[in-house]
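Data block below; observations after.
Where a number appears in this text, it was derived from the coordinates with a stated rule and is not lab data. None of these values were measured; they are calculated from a predicted model. Cβ atoms come from the backbone with ideal geometry, glycine included; neighbour counts cover every protein chain shown.
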Amino acid sequence: MTLSIEVVCPERGVEARLEVAEGEHVALVGPNGAGKSTVLESVAGVLREDRRTRVRVSLDGRDLSRVPLHRRGFASLSQSAHLFGHMSVLDNIAYGLVSGGMKKRAARAKAIALAAEVGLEGLEHRRPATLSGGQAQKCSLARALAIEPRVLLLDEPMAALDVRAARELRGFIARLSRSRTLVFATHDLLDVLAWADRVCVFESGRVVEVGECDAALASPHSEFLAELAGLQWVEGEVRARGVFVTRGGIALEAAGECRLGPARALIDPRALRLREESPSDASGAGIIRGLSRIGHRPVVYVEDVPVELSAHEEARGTVAEGQTATILQSAPVKVEPRR
Ligand SMILES: Nc1ncnc2c1ncn2[C@@H]1O[C@H](COP(=O)(O)OP(=O)(O)OP(=O)(O)O)[C@@H](O)[C@H]1O
């Protein structure tokens, strides 16, 4: 089964196409307003085709536009749980089963099992208003999974949860979505690492990068994916073999062959550290433009290298704004010609 998605919505500035294989887990990432939810809304049937909007969703080439939503076999989960307030947890979970024609008793038995699977034992008879945000999301997840959807759509389902509740729900989703097709939007690298086979990067309504998850995060092309992975693309040029120089003149050792001329380098802050003050003409030296800390770890911002750099032990007491400091590399930076 291949899920094909095409959305052209000029009103939202979105024009995107995406194919998802059966059982595949695809993460949609990108800045706010990049079009991730619009794509999910299209698949879920919330965004409909009209005079100006083209929405094509097909399964194995079969156009779903005339298939009623409840017959598509898709289920969605978003930031808020959207539970039926007048129903108990169990009735909420069983809702899709009963309305799909299952006998009440069987639906109830399945709902009880699912409630237990997502850790809602003992809360089955509560009303949604009495649940915490995390419990409500678990109920929503159980309801979504009850119908055994062919495709599960998640739109930042953990955005409103605390770290512990998010970790728990992340684990449930990882386990319970294993044999399903999953398309999800997130801003959290942990969700990508926990669920995704493939990552699809959106910027300004367009897909700008698609790749196998581990490879794409290790070697991202787009600036957004680099930042999500904790890396940073920096502009500059290759001035000599193996030497990349930032716009401000900081020379860094570069990996591999790269032709001379305009280029960009992928900076991994874990591979760079600052040493004590050095002569201002030293290559690999930068001016310190900011000092901060992350927990107990002092971090330094050097002009032209927009990443948080740790100061080398011997330099920690001496680094100060305006000083020149040497950048030590434990690994060369990846360089590619500027497009
Ligand atoms: N109901 C709507 N009507 C009109 N424009 C909308 C609507 N929903 C979203 N948009 C616009 O469509 C564009 C894409 O928004 P979308 O919600 O798909 O982005 P997103 O990547 O999911 O963002 P976020 O990460 O903030 O959730 C944005 O410019 C947004 O303002």
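Between S179 and A106, what FRET efficiency comes out of the Förster formula 1/(1 + (r/R0)^6) with R0 = 22 Å and r the beta carbon distance, rounded to 0.05?
Taking R0 as 22 Å, the efficiency between A106 and S179 is 0.55.
With +1 on the Cβ of every Lys and Arg and -1 on the Cβ of every Asp and Glu, and nothing else charged, how large is the dipole of the range 139-259 about its Cα centre, in debye rounded to the nearest 20?
Roughly 320 debye, rounded to the nearest 20.
Where a Cα-Cα gap under 26 Å defines reach, which lysines qualify for K104, not counting those fewer than 8 residues away within the same chain?
Those lysines meeting the cut-off are K138.
For the range 197-205, in order, what is each residue's ³J(HN,Hα) by Karplus, 6.51 cos²θ - 1.76 cosθ + 1.60 with θ = phi - 60°, in whole Hz (x at glycine and Pro)?
Result, rounded to whole Hz: 8, 10, 10, 10, 9, 9, 9, 6, x.
Got the relative contact order for the chain handy, in percent, Cα pairs under 8 Å and 6 or more residues apart?
Value for the chain: 16 percent.
Which one of L291, V199, S42 has its Cα pushed farthest toward the positive end of the charge dipole of the chain, where Lys and Arg give +1 and Asp and Glu give -1 at the Cβ?
After comparing all options, I get S42.
Can you give the angle from 0 to 90° between the axis of helix 104-117 and the longest principal axis of the chain, with both taken from C-alpha atoms, to the nearest 10?
In the chain, helix 104-117 runs at an angle near 20 degrees to the longest axis.
If the chain between R167 and S58 were fully stretched, how many nm would it gain, using 0.36 nm times the residue separation less the Cα-Cα distance?
Net length gain for the segment: 35.9 nm.
Any chance you could give the angle, 0 to 90 degrees and rounded to 10, that helix 89-99 forms with the longest Cα principal axis of the chain?
Around 70 degrees separate the two axes.
For L77, enumerate residues with amide H under 5 Å from its amide H, sequence gap 5+ or separate chain, H modeled in the peptide plane.
Here L153, L154, D155 satisfy the definition.
For K110, which aspartates and glutamates qualify as cross-link partners when the Cα separation must be under 19 Å and same-chain residues fewer than eight apart are set aside?
Excluding near neighbours in sequence, the set is D91, E121, E124, E148.
Under unit Cβ charges (Lys, Arg +1; Asp, Glu -1), what dipole magnitude, rounded to 20 debye, does the chain have relative to its Cα centre?
The calculated dipole for the chain is roughly 1600 debye.
Rounded to the nearest 0.05, what FRET efficiency do R71 and R293 give with R0 = 51 Å and r taken as the Cβ-Cβ distance? Could you check?
0.40
Hey, can you grab everything whose amide H is under 5 Å from the amide H of L328? Only 5+ residues off in sequence or another chain; H modelled, so Pro and N-termini drop out.
Amide H neighbours of L328: R273, L274, R275.
Looking only at G290, G30, G45, which one moves most when the chain is put into a Gaussian network model with springs between Cα atoms under 10 Å?
Maximum among the listed residues: G290.
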